[in-house]
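Participant: Have a look at this one.
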Amino acid sequence: MLPAPINRQPRERNLSPYRRPHRISSFFVAFSLVCAGLPAALQAQDTRRAQATRFELQASLAELEKYAASSGYSSRLRGEKAREAAMIRARLEGGDLQVGDQIEINVLGQQAFSDTFVVASGRVLSLPGLPDIPLEGVLRSEAQDYLTKQLSRYIREPEVRVRTKIRLSVFGSVGRPGFYQIPADVRADDAIMAAGGPAPDADPKKIFVRRGTTEIWPQDALLEAMRQGLTLDQLNLRAGDELMLDPRKRPGGVNFLTVAGAIGGLASTVYFFSQIF
């Protein structure tokens, strides 16, 4: 479900790994400085894949259901685990790729099929000259193998590379609130930077993810997930989810990294993420 419409709906932006605005790159400099002072355990990559496999999701679901059913934990913790279990269960049953998501496809030697395609109504992928390819039930981690198999019906031994994106909205105290196509294998802080970065006075602890009217990642749980470096896929996000940063401040239309200048924007970003990490 997409967020409720607002009076001035920002234009959707495409966060492509090949065409990122230059101003976003300052985040990576800033984030490197922040990470330089982090303990080694926090700098280490998560042992899970950036996009969870079906086996990993099934294992996580079994563990979460044990937590949720145990009386040895607080009701708050059991509620969080039950909510996360429900998100994983929905992924396993229905798949990841939703209407409005984008899929970057590169088929060696096949220019017509090498492009960015939008998941169409009915959760299908429409490629030039081919019948629609159904995507219901397909996980993001399965997309490359699945599309390779589908294309092998029409192309002999195709070499296919796939990267999936999620259509998210980023609102609150960010430079450019709006809708973004964000690769599923990046982290939540990348989504914030795609939206122009945090406001200088944004409270980094007031960050959460909402699906419809439900907070699927309350601020404490999301902050811990960000410290662990979890990707959007590992957070079980899907099209229509809304990442909110300090929502009572809505500057709108101001790129704080640009306004503050390169040095000021860098310092502001370092300070902001240092409060999280």
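The values are calculated or read from the model by the stated rules, or taken from the named source; none is laboratory data. On a predicted model such as this, the values are computed, not experimentally measured, just so you know. Cβ: placed from backbone, ideal geometry, glycine included. Neighbour counts: every protein chain shown. The accessibility values were calculated without ligands, DNA or RNA, using every heavy atom of the protein model including side chains. Shrake-Rupley method; radii C 1.70, N 1.55, O 1.52, S 1.80 Å.
Participant: Residues of region 165-209 being more than 20 Å from residue 227 (Cβ to Cβ), open to solvent by 10 Å² or more (accessible area, probe 1.4 Å) and part of a loop (DSSP other than H, G, I, E, B), which ones?
Facilitator: 176, 177, 200, 201
Participant: Being assigned to a helix (DSSP H, G or I), more than 18 Å from the chain's Cα centre (by Cα) and hydroxyl-bearing (Ser, Thr, Tyr), is that true of even one residue in region 150-160?
Facilitator: The answer is no, given that none of the residues of region 150-160 is assigned to a helix (DSSP H, G or I), more than 18 Å from the chain's Cα centre (by Cα) and hydroxyl-bearing (Ser, Thr, Tyr).
Participant: Which condition breaks for residue 78 when tested against (1) in contact with a helix residue (DSSP H, G or I) (Cβ under 8 Å, 6 or more places away or on another chain); (2) open to solvent by less than 40 Å² (accessible area, probe 1.4 Å)?
Facilitator: (2) is the only condition that residue 78 fails.
Participant: Continuing with the same structure: Evaluate the following for residue 132: is it open to solvent by 60 Å² or more (accessible area, probe 1.4 Å), of a type in the set (Asp, Glu) and under 30 Å from residue 196 (Cβ atoms)?
Facilitator: Spelling it out, it is not the case that residue 132 is open to solvent by 60 Å² or more (accessible area, probe 1.4 Å), of a type in the set (Asp, Glu) and under 30 Å from residue 196 (Cβ atoms).
Participant: It is to be established whether one or more residues within region 147-164 are open to solvent by less than 20 Å² (accessible area, probe 1.4 Å) and in contact with a Lys or Arg (Cβ under 8 Å, 6 or more places away or on another chain).
Facilitator: Among the residues of region 147-164, at least one is open to solvent by less than 20 Å² (accessible area, probe 1.4 Å) and in contact with a Lys or Arg (Cβ under 8 Å, 6 or more places away or on another chain), which makes the answer yes.
Participant: If you check 32, 126, which single one turns out to be modelled with pLDDT of 95 or more, open to solvent by 40 Å² or more (accessible area, probe 1.4 Å) and of a type in the set (S, T, N, Q)?
Facilitator: Result of the check over 32, 126: 126.
Participant: If you don't mind, another one. Can you tell me which residue in region 89-108 is nearest to residue 236 (Cα to Cα), limited to those that are surrounded by 20 or more Cβ atoms within 10 Å (Cβ to Cβ) and of a type in the set (A, V, I, L, M, F, W, C)?
Facilitator: Of everything passing the filter in region 89-108, 97 is nearest to residue 236 (Cα to Cα).
Participant: Tell me the residue from 156, 161, 140, 176 that is closer than 18 Å to residue 237 by Cα and among the charged types (D, E, K, R), please.
Facilitator: Of the residues listed, the single one that is closer than 18 Å to residue 237 by Cα and among the charged types (D, E, K, R) is 140.
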